[in-house]
1. Each label point is 7 Å from the Cα along the Cα-to-Cβ direction; what then is the distance between the points at residue 61 and residue 85, in nm?
2. Determine the gain in length on full extension of the stretch residue 47-residue 30; use 0.36 nm per residue of separation and subtract their C-alpha separation, reporting nm with one decimal.
3. Quick one: grab Rg to one decimal and Dmax as a whole number for the stretch 39-87, Cα atoms only, in Å.
Amino acid sequence: MPLGRMRGGGTGRRGPVGKQLHRVGVRSWHAHGFSTFAVALCAGLWIRAKTVDQDERGNAERRALFVGLWPPTVWLIGDAVERHEQGRPRLRR
């Protein structure tokens, strides 16, 4: 059984992430745009980390790396919303 699926007893309110986000008003371009912004933010934070003194540099670099983890996840969420928008079925294994 795929992860995230429940057998029986479910309320039926849970659905694919793309469908739920689309229902509350998130569109694929929102997620893709935020993902692109996060890449730029990560680069900006990384460049800024090189300008601070040695005592603060570690935290500044960690902050840049943390933000750098967001883009792939947010991009894939945008792809899930886009699949829902286009009416394509979920990918099956």
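Values in this text are rule-based calculations from the coordinates and carry no lab data. Predicted model, so just to flag it, every value in this text is computed and none were measured. Neighbour counts are summed over all protein chains in view; Cβ atoms, including those assigned to glycine, are modelled from backbone coordinates with ideal geometry.
1. Reported label-point gap for residue 61 and residue 85 is 3.8 nm.
2. Between residue 47 and residue 30, full extension yields an extra 3.5 nm.
3. Rg, Dmax (Cα atoms, Å): 15.3, 52.
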